[in-house]
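Down below is the structure, laid out as structure tokens.
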Amino acid sequence: MNRWLPKTYLTLVYVLLYLPILVLVVFSFNSSRTGYRWGGLSLQWYESLFNNHAMVQAMWNSLWLALTAATISTIIGALTALALHRYRFRGKRVLRGMLFVVMMSPEIVLAISLLALFLLVGLQLGFISLLLAHVTFCLPFVVITVMARLSGFDESLPEAARDLGASDFTMTRTVLIPVIMPALLAGWLLGFTLSLDDVVVSTFVSGPSYEILPLRIYSMVRVGLKPEVNALGTLLLVFSLAMLMLSQWILTRSKR
Amino acid sequence: MHRVLQQPFKTAVLILVWGWLLLLVLTPNLLVVGASVMTRDPGTFLSLPLNLDSYRQLFDPLYLDVFLNSLYMAGMTTVFCLLIGYPFAWALSGLGKQRQTLLIFLLIVPFWTNSLVRTYALKLLLATNGLINNALLGLGLIDEPLRMLYTEGAVVIGLVYLLLPFMILPLYSVFDDLRKELLMASHDLGAGKLSTFLHVTIPLTLPGVLAGVMLVLLPAMGLFFVADILGGSRNLLVGNVIKNQFLDARDWPFGAAASILLTVAMAVLLFAHRLSQRRLGDEARA
């Protein structure tokens, strides 16, 4: 087979994947109001973005939500991964199966089921409902990330700790946690990004008291074009790129 | 002493995890099943008596059309993702290890980027006075701008754009595992290229294909915001129907039944995936 054919094909797909993003970034610096024609370099859309108080508030709300959701799901997810790795217990396969199904099921199915629950128990839709929902969909991703790290781990270390008289809790704290630290960070970053990006679940479980960024963007882009979205999209892109690079760096560094 | 007290840590962890899953996964899903067999009520959303009307409503020609159309668009999305992704994963797995790592990284960058923003970016390209039309008009290839935005085609393009990495990653993982010796062996035994492809490559990559199909087909029916932004405000996807029933029309039993339809589709695909993996395992052992 021709040697350059596969490479040309790969390049073509990458160009198509990145073209829309590139256009978005370029147009975020466009001074033209119409949105489609180039009118010269300008930072006006960034300026109007930061002068928009509701937008800035939604940004902070989203960051705070992502921060708490990622932290809680990392704690519960890591403990779950440790339990699945270390212990024998009844219903272990069911537990694994449930986590897998949560990960695979369409977001909208999870979304309406949580909405039904929140309305039934009378929980007001807002920060708490968003937090519970986000932790739930982040959880399986953290569990897999940590499990992957644990599966390549030397079993003699925890056994040695146990032989030396350490309790389960002490052993976990002093031996296991340091080993899974890189996976914890990677899982946290993944959870943070998933939460920041979510539209489907948040549409159902958020209330007017707590507006978050994706929903604000959604209401902006449904009709027409809003140049501020270009600027916002560029900022989010830079932000997630930084997060991803950080996560990759943590994971590769720990392998050495 | 009782076993539970001997292992307080284990007990605490298990209670926490089971508690979370039972309360926020199992109970809500049972509620949806319950809601689907109740009667619509404008005040409290739901009321008795129990009946199967909402399931009958799924087969109402009006909605059946939407479901079949949604399935068709999701199917087209899956086919395009597979057509683009299969050769892509194959070409990727033939490169040097370091380059593979870099390219996989470049593939997941968009996945980490806000999907709404990426959908919106497509609008810049597809709009009537957008970049593609401007370029084609400028080159003199067309006289009038093409109508691309607010069509079903635009929605499929958007879905492919968002979901392609989910097809490529499982495919790449099977191609990466695909033992090169096995292909060589088949070749040595006199099988031609086509025959090797048909009898070795395709069966061995089937679990990856099914995993990819599952990760693309189901979300492609649910991602209502893509249909909203690129398809105009029509009920194009099952996701739009479910969203409207819950948030606008307030017909919970019907929305719940539509959601159960998606869950059943997932169960069927999961089962097919397991079956293909098991068959492959049997053949490898034989």
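Among the residues making up the stretch B:193-230, those that are in a helix (DSSP H, G or I) and touching a Gly at 6+ places or on another chain (Cβ under 8 Å) are B:GLY212, B:LEU217, B:MET221, B:GLY222, B:PHE224, B:VAL226, B:ALA227, B:ILE229, B:LEU230.
Does B:SER276 fit the bill of being facing chain A (nearest Cβ under 9 Å), surrounded by fewer than 18 Cβ atoms within 10 Å (Cβ to Cβ) and either under 21 Å from the mean Cα position of the chain (by Cα) or modelled with pLDDT under 90 (or both)?
Spelling it out, it is not the case that B:SER276 is facing chain A (nearest Cβ under 9 Å), surrounded by fewer than 18 Cβ atoms within 10 Å (Cβ to Cβ) and either under 21 Å from the mean Cα position of the chain (by Cα) or modelled with pLDDT under 90 (or both).
Among residues that are buried (at least 19 other Cβ atoms within 10 Å of the Cβ), under 30 Å from B:LEU210 (Cα atoms) and either in contact (Cβ under 8 Å) with a residue 12 or more places away in the chain or not basic (Lys, Arg) (or both), A:SER151 is not included.
No other residue among A:LEU117, A:LEU99 is more than 22 Å from the chain's Cα centre (by Cα) and closer than 20 Å to B:LEU26 by Cβ apart from A:LEU117.
When B:LEU30 is tested against (1) modelled with pLDDT of 85 or more; (2) crowded, with 18+ Cβ neighbours inside 10 Å, exactly one condition is not met: (2). For first residues located in the stretch B:34-48 and at pLDDT below 75 and surrounded by 14 or more Cβ atoms within 10 Å (Cβ to Cβ), partners that are aromatic (Phe, Trp, Tyr) and not in a strand (DSSP E or B) and lie 6+ apart or on another chain with Cβ distances below 6 Å form the pairs B:PHE45/B:TRP252; B:LEU46/B:TRP252. Identification of helices (runs of 4 or more DSSP H) wholly contained in the stretch B:49-147 with 1 or more residues that are over 30 Å from A:ARG3 (Cα atoms) and polar (S, T, N, Q) yields B:53-58, B:61-93, B:115-126, B:131-138.
Applying the criterion of being within 7 Å of chain A (Cβ to nearest Cβ) and closer than 17 Å to B:PHE166 by Cβ to the residues of the stretch B:75-102, the residue that is nearest to the chain's Cα centre (by Cα) is B:ILE84.
Of B:LEU92, B:LEU64, B:LEU141, B:LEU103, all but one fail to be surrounded by fewer than 21 Cβ atoms within 10 Å (Cβ to Cβ) and more than 26 Å from A:LEU24 (Cα to Cα); the exception is B:LEU64. Output the residue which, of all residues in the stretch A:120-130 that are assigned to a helix (DSSP H, G or I) and under 24 Å from the mean Cα position of the chain (by Cα), is farthest from the other protein chains (Cβ to nearest Cβ). Taking the candidates together, the pick is A:PHE127. The one condition from (1) within 9 Å of chain B (Cβ to nearest Cβ); (2) part of a helix (DSSP H, G or I); (3) surrounded by 14 or more Cβ atoms within 10 Å (Cβ to Cβ) that A:LEU225 does not meet is (2).
Here the condition is being of a type outside the set (Gly, Ala, Ser) and surrounded by fewer than 20 Cβ atoms within 10 Å (Cβ to Cβ); of A:LEU236, A:LEU251, it holds for A:LEU251 alone. Cβ separations smaller than 9 Å between residues 6+ apart or across chains give the following pairs from the stretch A:218-229 residues that are modelled with pLDDT under 85 to residues that are among the hydrophobic types (A, V, I, L, M, F, W, C) and part of a loop (DSSP other than H, G, I, E, B): A:LEU225/B:ALA127.
Is it the case that B:GLY158 is at pLDDT 90 or above, in contact with a Ser or Thr (Cβ under 6 Å, 6 or more places away or on another chain), crowded, with 16+ Cβ neighbours inside 10 Å and closer than 29 Å to B:GLY239 by Cα?
Answer is yes for this residue.
With the structure loaded, tell me whether A:THR145 is in a helix (DSSP H, G or I), more than 13 Å from chain B (Cβ to nearest Cβ), buried (at least 21 other Cβ atoms within 10 Å of the Cβ) and in contact with a helix residue (DSSP H, G or I) (Cβ under 6 Å, 6 or more places away or on another chain) or whether it fails that test. In short, yes. Applying the criterion of at least 3 residues that are β-branched (Val, Ile, Thr), free of Cβ contacts under 8 Å to residues at least 12 places away in the same chain and within 10 Å of chain B (Cβ to nearest Cβ) to the helices (runs of 4 or more DSSP H) found wholly in the stretch A:24-115 leaves an empty list.
Take the conditions more than 12 Å from chain B (Cβ to nearest Cβ), over 20 Å from B:VAL32 (Cα atoms) and assigned to a helix (DSSP H, G or I) and apply them to A:VAL179. Does it pass? Quick ask: steps written out before the conclusion?
Details: more than 12 Å from chain B (Cβ to nearest Cβ): yes; over 20 Å from B:VAL32 (Cα atoms): yes; assigned to a helix (DSSP H, G or I): yes.
Taking the combined requirement at face value, the residue satisfies it.
Residues in the stretch B:222-246 that are more than 7 Å from chain A (Cβ to nearest Cβ) and over 20 Å from the mean Cα position of the chain (by Cα): B:GLY232, B:SER233, B:ARG234, B:ASN244, B:GLN245. Taken together, A:ALA231, A:ALA242 contain a single residue that is part of a helix (DSSP H, G or I) and either within 18 Å of the chain's Cα centre (by Cα) or more than 12 Å from chain B (Cβ to nearest Cβ) (or both), which is A:ALA242.
The values are calculated or read from the model by the stated rules, or taken from the named source; none is laboratory data. Since we're looking at a predicted model, the values are computed, not measured. Glycine gets a Cβ as well: all are built from the backbone with ideal geometry, and neighbour counts include every protein chain shown.
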